[in-house]
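Here is the structure we will look at.
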Amino acid sequence: MPTPFKPVLLEAVGIPDGQTLASYRSRGGYAPLEKLLAEKQPGEVVEMVKASGLRGRGGAGFSTGLKWTFLPKDHPGPIYLCINADESEPGTFNNRILMEDDPHQVIEGTIISAYATRAGTAYIYLRYEYPNSWNRLQAAIDEAYAAGLLGKNIRGSGFSLDIYLHRGAAAYICGEETGLIESLEGKRAWPRIKPPFPAIEGLFHKPTVVNNIETMACVAQIARRGVDWFRSIGVPSDPNNPRDPGSYGPKLYCLSGHVERPGCYEAALGITARELIDQYGGGVWKGRKAKAVIPGGISMGLMTEAELDTPLDFAGPGKVGCLGLGTAAVVVIDETVSIVDFLHNSCRFFAHESCGQCTPCREGTSWSLRMLERIKAGQGRLRDLDLLAEIGSTMGMMPGSTICGLADGAAWPIKNALKKFRGEFEEYIKRTNPHGWMVTDPVPALQIVGAH
Amino acid sequence: MPTVIVDGKEIEIGADERLNCIEAARRAGAEIPHYCWHPGLSVVASCRMCLIETGTRDAASGKIAMMPKLVPACQTPAKDGTVIVTESTLVKESRARVEEALLIDHPIDCPICDKAGECLLQDYHFQHGQSERRADLHPFTSRRRDVGPTVTLFVDRCIMCTRCVRFTREVSGSSELMVINRGSKEEIDVFPGYPLDNKLSGNVVDLCPVGALGDKDFLYQQRVWFMKREANVCGGCSAGCSIFTEHNQDTVYRLKPRENPHVNTWWICDEGRYGWHHIHDESRIVGAGRRGAAANQQASFDTVEWSDVVTRLRADLKQAGRLAVAVSPMLTVEEAWMLCAVARSIDPQAFLAVGHVPRASADETFPGGFTIRAEKCPNRLGVEAVISLFDPAVPTWEGLLEHVRAGRADAAWITGAYPTAWIDGDTAAVFAGLACVVAQDFFDSPLSEIATWRLPAAGFAERAGTWVNVAHRAQSFQQAVRPPAGVWPEGRLFWNMLGRRGLYDPSAVRRQIAESSATFAALAGEIPATGVDLRIHQLA
Amino acid sequence: MIAQPRILTPEMVAKIEALAPRYPNRRALTLPALHIVNDVLRHVPLQAVVEIAHMLGLAPAEVQDTLTFYQFFHQEKPHGRVRAFVCRSISCALRGGDQVLDHLCHSAGIQPYGTTPDGSLTVEPAECLGACDFAPCILANDQLLKNLTPESAEARLRDLRTQAT
């Protein structure tokens, strides 16, 4: 069995008082920041992050340094940095661990990123459900101010930064970058149409960058250990494909569901699902086999057991028909689970969280939930599977029918489940609705109780 | 000039124009269906009905590169080389799916819904929708929610286009309407105790593409396919908003704004919108009456046939002597001119003054730019300009009162046509001693009580002619409904008193005025539906 | 405009105003203000919405619009002294989360989203709480209850309800 990855992002986990400034400094923290402030211009820091190949860890996987270059040059300001700590993708909890156990790593990364992007204010949009993270972050922010690492003219560099925590209220769509911005501005979190993109017109209509918590931790580590170190980990870009930015750096993989040891594990990008489950997670629980595995949060869809050797880098899950790496939250579903129950759980989630502004998602998520409810209640029809497949292939940013990617996330589990487990759906429907599975006309809906 | 290619057809757009693809496609004759976009509101691109295929044509090579996915036409600018495809299979399927999605929960209420016949959901369903239902059937509700004194909401018909909410935030600035809840449970509502009651509230009913928002004033009154619509101008204030009068069998049922980029853009205020009921008020003056006895008070009015009015009125006024005339700012330019001409033909020294100008305290301007004028009549500028052709001094109503008090008149012809009470007993008493008083008005008043002649007036929708608004824009309009039997609109009476033959023809009078005065030169030719700025031609 | 005694206490107002320098406009104080009121009152009554709106220079409808979007703030009456969010997303569902929810509702005699008559407990289904390493789990007030069974969940909540009286 190969040596497990020596934690870098998770190095503070298990260290007593690891969340304190003193502990962070003793492990080498904040010296990189001070060095950068003294020696590098903001543009150079942007180039450093770009050169590292760091791709956003929030789910989209867009090159972080490249995103920073979209900010207008010579803008009089203010420029805003929003840190997306809304982490609500089912199966995902790595940001929680980073904030609870090593908040200063996040803060150092934030200060470096704000310096690079010339942001004067950073808001950490923190989901309501993380009270411990709130306390740890606020304590760390207070320590940072007291140590002169935040506030006016940090270390005499001329650079000033305030970091404020802003509390969410349990809505998944606030994790979408413009949904986050709208929520911060005090409105309902309806994502904005793009263009304009946040780098041009974002929070309070000013240039804004939205970055993920884990991305900030990576920035801190890149500043400390260097670009070469970061690029020595992970999957290099394919030399035959100029459009492949590679998958560099360590990644936090969340493992949950039907495994012996659910947890957050750090590994080089590119570990396979099977390796993660067997070498880190103690294998599928209770001696069972996996039926399906979610590769990166429920939005990414499903891999079958046969597909578990897919590398979990930015390019891998796409090769087996999943939406992407997402949040790298791996959820194991064992052979005793009905795929109908899985899809019902997924459809229920997205119907509850759809923001409701655009027609295909608002109605598509609701319609698919109702069909799954009816199927589960033993009144499904084969025709429902065709309708679900159509909803799955037509709603989303990718076909262009919706404003944001929630619809794609809602569609992908439907697509994958139907494509990879169609037989099980058909068997279930025929078995539970022996007299009605063949009906093709519209049927009376169920009265849904408590679905939302 | 930038060229846009719409379904293979090239059209040019102005170099300075900022059009989206809906507007550009319209120029090429392609109507892209849409619900949430409106030129007067912010772009949200949320209904997704306007999704099209677009691309760009390379200026040098002519090669077309299409976008791999659909985009909303409302948020896509039409630039030089933009390629727009509105009828591909991909687009048609997308539209059909949006329609299907909207109809899943929509109560199929058409038989009892006011919007039937002018409902975009209906229209697009027939044009772009699927022929059979695929979604589960469930019983539908049609909850009715009171959102304000003038507007009602059928909650379940709403398709969440948010036009109404955006209107109250961006145009009226009053922010009464809101969306509540999230996802498919979203509804439109008002905050308890803060109803939708701003002065522009009625516009949200126009904006609603479906039958969710309804006008309480119009609810269940008339099916839209029975109504005809005439292009008119509102007579409520000097803004002169362009409107449509919608009517059936000479009964007005409602007014709607008519788009006019120079005047009201897309809106009208509630006072104007609901200010037509006086036309059908049973207490309005109908029929011409002349007081029987020699003394002006105490006797009742004898009905006079209109053909006799033409001669007897002239005779009475001639006999009386010095004539003073109040030319009401409710009259058209043509009527005002004819009245002055008639008056001067009776008494060459007749004193011609602008009639009473009703005024509220101040203009009201809303955040979106719309302004309700304090001057509550449509044609003061037009009447003043007409009188200036006869008397450069352009006396006012106060001037006329002075003139009469000073004993310089023997007869007074007061035109009114005001929809509300406008003169009190003390002011009316100024005319009490005159030999002949003509009160030509909509309703009885202290003036008609002491008048010799009691003549009716026309309502705005019964009038044809031209008004000039506060910004010197002249708008001409046709008669929408015929007045009740027994009512000759002022124009018809004046036309006959001038001895002209045939039916009253306002355009003939208009041409005559235009040809004989620089002020009104702009009215010489065909007047566009949105009117013409009088000052443009006055500079020449 | 405000006829009744204020629902927002001077302390609440001070807390809200203390945040004002953080944002370039007043509207951004909306969600923080809702939390400040909710933390004390365990709900945000309509009158509080009016008062917040006045403080921030907004129409009540604008604040209510935002408030109802989150499906988080109770308005008619306070939620229970213990507010138990029971996760029902995939990782918890795979390890018995739905059974925990059913059992809690059944034993407390309430429907999901309901509050016990004595006001001590509200049970609400929640979407992924981000504690999948301890599934199934509950967020009860500020405490994360981990690795639950229907029985252990009931026991933990009983303790919390007693403490919260």
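Here, each number is a calculation from the coordinates, and none is a lab measurement. All figures in this text were calculated on a predicted structure; none of them were measured in a lab. Because the Cβ atoms are built from the backbone with ideal geometry, glycine has one as well, and the counts that use them run over all protein chains shown.
How big is the stretch A:339-432 in terms of Cα radius of gyration and Dmax, in angstroms?
12.4, 39
Where the only charges are on Cβ atoms (+1 Lys, Arg; -1 Asp, Glu), what is the dipole of chain B about its Cα centre, to the nearest 20 debye?
Result for chain B is approximately 420 debye, rounded to the nearest 20.
A:His205 versus A:Glu34, label points 7 Å from Cα toward the beta carbon: distance in nm?
The modelled label-to-label distance comes out at 4.2 nm.
So what does the Cα-only Debye profile of the stretch A:1-140 read at q = 0.13, 0.19 Å⁻¹, as log10 I(q)/I(0), no solvent term?
Once normalised to I(0) and log-transformed, intensities are -0.64, -1.33.
Suppose every Lys and Arg Cβ carries +1 and every Asp and Glu Cβ carries -1, with no other charges. What dipole size does the protein assembly as shown come out with about its Cα centre, to the nearest 20 debye?
Dipole of the protein assembly as shown, to the nearest 20 debye: 680 debye.
Sorting check: for B:500-511, B:198-209, A:200-211, which peptide has the highest mean count of neighbouring beta carbons within 10 Å, and how do the rest follow?
Going by the mean number of other Cβ atoms within 10 Å, highest first, we get B:198-209, A:200-211, B:500-511.
222 nm [θ] for chain A, helices only, -39500 (n - 2.57) per DSSP H run of 4+, per residue, to 500?
About -11500 deg cm²/dmol.
By counting other Cβ atoms within 10 Å of each Cβ, how are A:Leu302, A:Leu385, B:Leu323 ranked from fewest to most?
A:Leu385, B:Leu323, A:Leu302
Given the options C:Ala140, C:Ala20, C:Ala153, which has the most mean-square fluctuation in a GNM of chain C, springs set between C-alpha atoms less than 10 angstrom apart?
Evaluated over chain C, the most mobile residue of the options is C:Ala20.
Please order A:Lys291, A:Lys319, A:Lys40 by the number of other Cβ within 10 Å, starting at the fewest.
Going from least to most buried by this count: A:Lys319, A:Lys40, A:Lys291.
Sequence neighbours fewer than 8 away in the same chain don't count; with that in mind, list the aspartates and glutamates whose C-alpha is under 17 Å from A:Lys40.
Output for A:Lys40: A:Glu108.
With charges set only on the Cβ (+1 for Lys and Arg, -1 for Asp and Glu), what does the dipole of the stretch C:10-69 come to about its Cα centre, in debye to the nearest 20?
Details: 5 positive and 6 negative charges, 28 e Å.
For the stretch C:10-69, the charge dipole is close to 140 debye.
Would you tally the net charge around A:Ala306, using a Cβ to Cβ cut-off of less than 12 Å, leaving A:Ala306 out, and scoring K and R as +1, D and E as -1?
Here the count lands on +1.
When all alpha-carbon pairs of the stretch B:3-87 are counted, what percent fall beyond 22 Å?
Value for the stretch B:3-87: 19 percent of Cα pairs lie more than 22 Å apart.
If you take the charge dipole of chain A about its Cα centre, with +1 on Lys and Arg Cβ and -1 on Asp and Glu Cβ, which of A:Gly263, A:Tyr248, A:His75 is farthest toward its positive end?
A:His75
Write down the Kirkwood hydrodynamic radius of the stretch A:131-288, to one decimal in angstroms, obtained as one divided by the mean of 1/r over all alpha carbon pairs.
Result for the stretch A:131-288 stands at 19.4 Å.
Considering every residue in C:44-57, what mean count of other chain Cβ atoms within 10 Å of its Cβ is obtained?
1
Can you pull the Kirkwood radius for the stretch C:10-69, inverse mean 1/r over Cα pairs, to one decimal in Å?
After inverting the pairwise mean of 1/r, the radius is 11.3 Å.
P(r) tail for chain B, what percent of Cα pairs lie past 30 Å? Don't skip to the answer; put the middle values down first.
Numbers: 83442 of 145530 pairs.
Distances greater than 30 Å cover 57 percent of the Cα pairs.
For peptide B:130-136, how many partner chain Cβ atoms fall within 10 Å of a residue's Cβ, on average?
5
Quick one: among C:Pro21, C:Pro78, C:Pro45, which has the greatest mean-square fluctuation in a GNM of chain C with alpha-carbon springs under 10 angstrom?
C:Pro21
How much of the DSSP beta bridge set in the protein assembly as shown is antiparallel, as a percent to the nearest 5?
Once the DSSP bridges in the protein assembly as shown are tallied, antiparallel ones form about 60 percent.
Which of rounded, prolate or oblate describes the stretch A:6-56 when judged by the alpha-carbon gyration tensor and an a/c cut-off of 1.5?
oblate
Pick out, in residue order, every one of the chymotrypsin sites (Phe, Trp or Tyr not before Pro) in the stretch B:187-239 that is DSSP loop and has at most 13 other C-beta atoms within 10 Å; say none if there are none.
B:Tyr220
Which of the pairs A:Lys6/A:Lys415; A:Lys50/A:Lys152; B:Lys185/C:Lys77; A:Lys206/B:Lys69; A:Lys291/A:Lys419 have their Cα atoms more than 25 Å apart in this structure?
Distance filter (> 25 Å) returns A:Lys6/A:Lys415; A:Lys50/A:Lys152; A:Lys206/B:Lys69.
Under 14 Å Cα to Cα from A:Lys430, which aspartates and glutamates show up? Leave out anything in the same chain fewer than 8 places away.
Correct list for A:Lys430: A:Asp384.
Write down the Å³ per residue value for the convex hull defined by the alpha carbon atoms of the stretch C:1-110.
133
Which value results when the Cα radius of gyration for the stretch B:258-370 is divided by 2.2 N^0.38 Å?
That ratio works out to 1.48.
Where does each of B:Ser238, B:Ser345, A:Ser354 land when they are ranked from fewest to most other beta-carbon atoms within 10 angstrom? Intermediate results must be reported in sequence, preceding the final value.
On the way: B:Ser238 25, B:Ser345 14, A:Ser354 28.
Lowest to highest Cβ neighbour count: B:Ser345, B:Ser238, A:Ser354.
Just for chain B, what percent of DSSP beta bridges are antiparallel, to the closest 5?
DSSP beta bridges in chain B are roughly 75 percent antiparallel.
Per the Debye formula with a single identical scatterer at each Cα and no solvent contribution, what log10 I(q)/I(0) holds for the stretch C:82-163 at q = 0.15, 0.18, 0.24, 0.25 Å⁻¹?
After summing over all Cα pairs, the log10 values are -0.42, -0.61, -1.11, -1.21.
Hey, what does the equivalent ellipsoid look like for the protein assembly as shown, semi-axes from the Cα gyration tensor as sqrt of 5 times each eigenvalue, largest first, whole Å?
69, 31, 30
A:Pro360: net charge of surrounding residues, Cβ under 9 Å, Lys/Arg +1, Asp/Glu -1, itself excluded?
Net charge in that neighbourhood comes out at +2.
At a Cα cut-off below 22 Å, give the lysines reachable from B:Lys216, other chains included and same-chain residues fewer than 8 away excluded.
Once the sequence-local lysines are set aside, what remains near B:Lys216 is B:Lys115, B:Lys199, B:Lys228, B:Lys256.
Restricting things to alpha carbons, tell me how big the stretch B:288-538 is in terms of Rg and Dmax, in Å.
Radius of gyration, then largest Cα-Cα span, for the stretch B:288-538: 17.7, 58 Å.
Please name whichever of B:Cys74, B:Ile104, B:Leu137 sits farthest to the positive end of the charge dipole of the stretch B:47-141, dipole taken about the Cα centre and charges placed at Cβ: Lys and Arg +1, Asp and Glu -1.
Projecting each Cα onto the dipole axis, the largest value belongs to B:Cys74.
Using just the alpha carbons, could you tell me how many Å³ per residue the convex hull of the stretch B:397-470 encloses?
111
State, to one decimal in nm², a quarter of the convex hull surface area for the C-alpha atoms of the stretch B:186-237, i.e. the direction-averaged projected area.
Result: 5.7 nm².
Counting only other chains, what is the mean number of Cβ atoms within 10 angstrom of the Cβ of each residue in peptide A:187-197?
That works out to 4 on average.
In the stretch B:366-413, which trypsin sites (Lys or Arg not before Pro) are in a loop and have at most 13 other Cβ atoms within 10 Å, using DSSP for the loop call? Can you show the working numbers first?
Numbers: sites: B:Arg373, B:Lys376, B:Arg380, B:Arg405, B:Arg408; in loops: B:Arg373, B:Lys376, B:Arg408.
Here the trypsin sites (Lys or Arg not before Pro) that fit, given the DSSP loop and packing criteria, are B:Arg408.
So how far, in whole Å, is the C-alpha centre of the stretch A:105-129 from the one of the stretch B:461-481?
62
Identify, among B:Gln478, B:Ile285, B:Gln122, the residue whose Cα sits farthest towards the positive end of the charge dipole of the protein assembly as shown, taking +1 on the Cβ of Lys and Arg and -1 on the Cβ of Asp and Glu, with the dipole about the Cα centre.
Checked the options; the winner is B:Gln122.
Over the Cα atoms of the stretch B:136-277, how large are the radius of gyration and the largest Cα-Cα distance (Dmax), in Å?
My reading of the Cα-based Rg and Dmax gives 15.8, 54 Å.
Could you check how many percent of all C-alpha pairs in chain A are farther apart than 33 Å?
Working: 36866 of 101926 pairs.
So the pairs more than 33 Å apart make up 36 percent of the total in chain A.
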